[in-house]
Amino acid sequence: MNDPAAPADDPLARERSHLSASRAALRAMREDVEALDIRDVTANWVNAEVLQRQIEERIKALADLSDTPLFFGRLDYLHAPGAEQAEGAEGERPQPEAAYRTLHIGRRHVHDADGDPMVIDWRAPVSQPFYRASKKDPMDVGLRRRFGYTGGDLTAYEDEHLSDPAEAATTSKLLQQEIERPRVGPMRDIVATIQPEQDEIVRSGLSGSVCVQGGPGTGKTAVGLHRVAYLLYAHRERLARTGTLVVGPNRSFLHYIEQVLPALGELTVAQATVDDLVAHVEVRGTDDATAATAATVKGDARMAQVLRRALYSHVTMPTEPVVVVRGSRRWRVPAYELEEIVRQLLDRDIRYGAAREALPQRIAHAVLVQMERAGEAPDDRVQDAVARNAAVKAAVKAVWPAVDPAKLVLRLLGDAEFLAEHAGGLLDEQERKAILWTKPARSVKSAKWSAADTVLIDEAADLIRRTPSLGHVVLDEAQDLSPMQYRAVGRRCTTGSATVLGDLAQGTTPWATRSWEEALAHLGKPDAVVEELTAGFRVPTDVITYASRLLPHIAPGLTPVASIRENPGFFEVRGSSGPDDVIAACRELLSREGSVGLIAADPRIPALTDALAAAGLPHVAPGEETTESTRLTLVPASLAKGLEYDYVLLDEPQAVVDAEPDERTGLRRLYVTLTRAVSGLIITHGAPLPTQLT
C-alpha cells in the first residue's frame, strides 16, 4: 500500500508517500462527486433538489482538512482479516479491506481509482484492534503504528509489536503528546487517542441507552460525540430516517464542540439546548432559583401530574343526548351511551388531542349502528359525514374541548383556585404559593415566561399531541437538568436511544441530579447501562488532586479522577492584591504556547473586563473563536462547564462559591472552574480560600 518508489529502508518516507497518495485519492473522490450530472436521473425538481443537497453534503464530507492528519495509525495483521470480521454496517457485503493485512486507520475511508482502500475509517470493525489490542490480547495484530504530526505534516512514527513476547509493553509517547498538545479554538476530536474503555462505549449498539459518569478530563463529551459518529456509520440508513440530536447546556458549549463531527465527516447531526427544544413562547422572565422556590418546584416531576389533572379536568361527562338529523330521519345517541364512549377513551390513556379527534368518529359509529339496525347500509362516507354533523361537533366541543398548552399553563400559574384544585395532594401550600404569579398575565403574549415555564408548556403540549421521536439523542452535562427537563429530552427519543453524559460532582443547580438511576427514570430510559470513566486524560495530576479535595463535600460517593498524564502540569496558588496581579498572571500564561482562560465569579467579570482593556490585553468571550493573536478568553464561572484551556487563571475562589445560592452549589461550581486546565492552573486570591480547599 506504500509507494514502491519510496526508499525501502526509510519507513517515514514510505509513510509520507502513502499520505500524499491518500490525499490525492481523496481529492479524486471529491472531484468524482463534483462531476456528477443529475439532469437525466431526476424525475422532477423536488427529486433534483434532494439529490443535489445530498451531493453537496457528500462533497463537504470529503473535504481534506490541511492541518488535520488523514490517517493517524496503522495495523499490520498477522493474517488478512476474514470476511466475518470485516462485515460492514447492518449486514452489508464484506468490506474490500478484508483482503489486506496492512491497513492505515484514519478519520474517513479513502480508496484509489481501482477501489482499493488507502485509508480505513476508524469506525470499521477491522479498525477496532487499533484501540483495543494489547500485549495480553493482540487480536491477531503483529504491529500497531502511531503517527506524529506537526500541522498536516507527518513527522514521526512509533511501533508496538503486539505479538512479540520479547518486547515489553510501554506507554506511547506520541499518544501522550497528542493528549497534551496545546489547543487553540474549538474542541477537536480524540479519534487518535480513544482508549479501550472509551471505545467500548463508543461502539455500543444503537438499541440500548448508555449513561456515562465521568469526572473532569475523562473525555465523556468526546466519547458521546464519537458515539454519534460511530452510530451514523453503523446504522446510517436508519438514523437518516429518524434523525440524531446533541443537546448541550448552552450556546457557548455547542459552539465549542460543533466542529468535532464535521471533522469526522458527519454533517447531519442537529445541536440544541434544552431551552431550544421547548421554545414554545418567548422567555422574558426569570424564576427564583433558590431551594424550595419557583424554579425548583416547576422543575419537579410532580408538575407532570398536576398538568395532566389540569388538562383532563376540561373533559366533562355528557348530560344531554346527541340528535343527528339526516333527511327525514332523526338518530338519537343517549347521554349514558355518550358517557360510556368518553370513559372508554379516557381508559385508553391516549393523548388528549388524539382522543378528542376520535370522539366524533365514535359518536358517528354509534349512529351507524342504529342505521344498520333500521335496515340501512351506510358506508365510511356516511360515518365521516355524521362525524362532521353540527350536533356532533357541538357535543364534542362541550364534552372534550380543545385546549391550548400555553393557555393551560397560564391559567395554572395565574389562578390560585385552579392550581389548588389540581395540585392537591401533590404540592403543599408553600410550594403552590412559590409558583403562583403575584400578578397574573392577561394573555400568552403578555406573560413574562421563564425558562422553567416553557418546560411546563412542552409537557402540556405532549399530553395533547405526541412529540416526534428521534433515533438517537446525546445529552451532555446532564447532571444539571431538572426532572421536568429530563422528561422534555426523553420525549425526543421515546422510540430511540440516548447517550447521557455528566458528572454528579459538577451539578450546579439546586435541582441537580442526585443519582443517575433517578435521572434515567425521568428520561424514560430506566434500563440504560451506567458506565464510569475514572482515567483522566486532560487535567494534570497536581490540578485534579487539588480539586479533588472538594469531592467529600460535594459528591462523597464518587471515585476521584486519576490522571494518567506523565506531565504533572503547572500549578500555583498565589495571594493577590488586586487587578494588577491578575493582569500580570495573564501575561505570564500568555507567554506560554496555547489557549488561556481567565475564570472568575460572574459579578467580577465587568471589573476584569475593564482591567484587561486598560492593560491592552485583547480577549474573547466563551464560544467566540480564539486566534494566535488573541488566545485569552474571559469566562464567567457560570459558563465554564464543559470548556477547556491549556492554561487557566482562576480569580478569587471564594467569590465563585459566594455567587451561588447555597454553599454546596457554590463548591460544585468551584470544582468545575478548578478543572478546566489542560496544562497549568494559577489561582489568585485576596480573600481567604474556602476551608474545604485548605
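The values are calculated or read from the model by the stated rules, or taken from the named source; none is laboratory data. What you see is a predicted model; the values in this text were computed from it and never measured. Neighbour counts are summed over all protein chains in view; Cβ atoms, including those assigned to glycine, are modelled from backbone coordinates with ideal geometry. Just so you know, the surface numbers come from the protein's heavy atoms only, side chains and all, with ligands and any DNA or RNA stripped out. Shrake-Rupley method; radii C 1.70, N 1.55, O 1.52, S 1.80 Å.
Could you list all residues from region 565-580 that are surrounded by fewer than 17 Cβ atoms within 10 Å (Cβ to Cβ) and more than 15 Å from GLY680 (Cα to Cα)? Listed by number, the residues that qualify are GLY575, SER577, GLY578, ASP580. Considered as a group, the residues in region 18-60 that are among the polar types (S, T, N, Q) and within 22 Å of ARG123 (Cα to Cα) include one that is most open to solvent (accessible area, probe 1.4 Å), and that residue is GLN54. The set of residues in region 1-17 that are open to solvent by 40 Å² or more (accessible area, probe 1.4 Å) and either of a type in the set (Asp, Glu) or at pLDDT 90 or above (or both) comprises ASP3, ASP9, ASP10, PRO11, ARG14, ARG16. Residue pairs whose Cβ atoms lie under 6 Å apart, separated by 6 or more positions or on different chains, with the first residue in region 370-398 and farther than 19 Å from THR319 by Cβ and the second part of a loop (DSSP other than H, G, I, E, B), are MET371/PRO378. For LEU670, the conditions (1) on the phi > 0 side of the Ramachandran plot; (2) touching a helix residue (DSSP H, G or I) at 6+ places or on another chain (Cβ under 7 Å) all hold with the exception of (1).
So, LEU162, is that one of a type outside the set (Lys, Arg) and under 22 Å from LEU12 (Cα atoms) or not? Yes: the conditions hold for LEU162. Within the option set GLY88, GLY106, being at pLDDT 90 or above, surrounded by 13 or more Cβ atoms within 10 Å (Cβ to Cβ) and under 29 Å from ALA240 (Cβ atoms) holds for one residue only, GLY106.
Looking at VAL561, VAL529, VAL539, which is the one that is surrounded by fewer than 17 Cβ atoms within 10 Å (Cβ to Cβ) and not small (Gly, Ala, Ser)? Going through VAL561, VAL529, VAL539 in turn, the sole match is VAL529.
Taking first residues from region 677-694 that are without any contact (Cβ under 8 Å) to a residue 40 or more places away in the chain and partners that are part of a loop (DSSP other than H, G, I, E, B) and open to solvent by less than 10 Å² (accessible area, probe 1.4 Å), no Cβ contact under 7 Å between residues at least 6 apart in sequence or on separate chains turns up. All told, SER469 falls short of being within 30 Å of LEU231 (Cα to Cα), open to solvent by less than 30 Å² (accessible area, probe 1.4 Å) and out of contact with any helix residue (DSSP H, G or I) (no Cβ under 7 Å at 6 or more places or on another chain).
Taken together, the criteria exclude GLU625 from residues that are open to solvent by 10 Å² or more (accessible area, probe 1.4 Å), of a type in the set (D, E, K, R) and closer than 23 Å to LEU504 by Cα. Report yes if THR513 is closer than 27 Å to PRO690 by Cα and open to solvent by 30 Å² or more (accessible area, probe 1.4 Å), otherwise no. So THR513 does not fit the description; no. Scanning for something among the β-branched types (Val, Ile, Thr) and open to solvent by less than 20 Å² (accessible area, probe 1.4 Å), does region 644-654 turn up at least one residue? Looking for residues that are among the β-branched types (Val, Ile, Thr) and open to solvent by less than 20 Å² (accessible area, probe 1.4 Å), one finds at least one in region 644-654, hence yes. The residue that is most open to solvent (accessible area, probe 1.4 Å), counting only those in region 253-270 that are part of a loop (DSSP other than H, G, I, E, B) and aliphatic (A, V, I, L, M), is LEU267. If you check PRO606, PRO636 for being modelled with pLDDT of 95 or more and either of a type in the set (Ser, Thr, Tyr) or over 26 Å from the mean Cα position of the chain (by Cα) (or both), only one passes: PRO606. Within region 61-84, being part of a loop (DSSP other than H, G, I, E, B), surrounded by fewer than 20 Cβ atoms within 10 Å (Cβ to Cβ), in contact with a strand residue (DSSP E or B) (Cβ under 7 Å, 6 or more places away or on another chain) and at pLDDT 80 or above holds for one residue alone: LEU78.
Residue by residue through region 105-156, note down the ones that are in contact with a Lys or Arg (Cβ under 7 Å, 6 or more places away or on another chain) and over 21 Å from VAL202 (Cβ atoms). ARG145, LEU154 - these are the residues of region 105-156 that are in contact with a Lys or Arg (Cβ under 7 Å, 6 or more places away or on another chain) and over 21 Å from VAL202 (Cβ atoms). Here the strands (runs of 3 or more DSSP E) wholly within region 598-694 that include at least 1 residues being closer than 30 Å to ALA294 by Cα and among the hydrophobic types (A, V, I, L, M, F, W, C) are 632-636.
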